[in-house]
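What follows is a single structure, written as structure tokens, with notes after it.
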Amino acid sequence: MVGMAIARRLLLLRHAKSSWDDPGLSDHDRPLAPRGRRAASALGEHLQGVAELPELVLCSSAVRTVQTLERIRAALPEASVEIENELYGADEDELLARVQRLPSSVSIAMLIAHNPGIGDLAVMLVGHGDAKARARMEAKFPTAALARLVFDKKWSAVEPRGATLEEFWTPR
């Protein structure tokens, strides 16, 4: 980092696997499947080993994203949480616009949302980092996948290809 640049970290998380058992439920109301609950718990354990954790978590209002958050919440003791309806069904451009509106006082944020938006956002933002991890992420952003990105710009200046991929974690 040169000069006064401040590192910002963005954790992009796709909700864990949802259940399709009840065909009468709306998409928004689908809960986690047993496999999704296990994967989200594994993610919570993984996050306990991460040194820099989010101060702010923005989570889609869908049942499966909120349940994913509940499973990792113990690993994020300092984070404030905002449940946002706008994140449900948001595409990568809408998600990017939301990231660009993050408060400047926040240096590490997490976004919990849905594909294709969250995976497309990760691919859009990453311009540097481990080539193998990038290739895996670009091929598939599965349920409960976590991409950890770092920027050397303020949130309002975040742009495509401006991030370095620090980590791409999947439960399998």
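The values are calculated or read from the model by the stated rules, or taken from the named source; none is laboratory data. Keep in mind the model is a prediction, meaning the values are calculated, not measured. Counting neighbours? That spans all protein chains shown, and the Cβs are built from the backbone with ideal geometry, glycine included.
General remarks:
- Residues that are touching a helix residue (DSSP H, G or I) at 6+ places or on another chain (Cβ under 9 Å) and surrounded by 15 or more Cβ atoms within 10 Å (Cβ to Cβ) within the range 143-165 comprise 143, 144, 145, 146, 147, 149, 151, 155, 158, 162, 163, 165, listed in sequence order.
- Here is the figure for the range 98-125: residues that are touching a residue at least 60 places away in the same chain (Cβ under 8 Å), closer than 15 Å to residue 65 by Cα and either basic (Lys, Arg) or not in a strand (DSSP E or B) (or both) total 4.
- Scanning the range 1-20 for residues that are out of contact with any helix residue (DSSP H, G or I) (no Cβ under 8 Å at 6 or more places or on another chain) and either at pLDDT 95 or above or surrounded by 13 or more Cβ atoms within 10 Å (Cβ to Cβ) (or both) yields 7, 9, 11.
- Looking only at residues of the range 31-41 that are of a type in the set (A, V, I, L, M) and surrounded by 18 or more Cβ atoms within 10 Å (Cβ to Cβ), we find that the one that is farthest from residue 167 (Cα to Cα) is 32.
- Number of the condition not met by residue 69 [criteria: (1) more than 13 Å from the chain's Cα centre (by Cα); (2) buried (at least 18 other Cβ atoms within 10 Å of the Cβ); (3) not polar (S, T, N, Q); (4) not in a loop (DSSP other than H, G, I, E, B)]: (1)
- On inspection, residue 74 qualifies as among the small types (Gly, Ala, Ser), surrounded by fewer than 16 Cβ atoms within 10 Å (Cβ to Cβ) and over 14 Å from the mean Cα position of the chain (by Cα).
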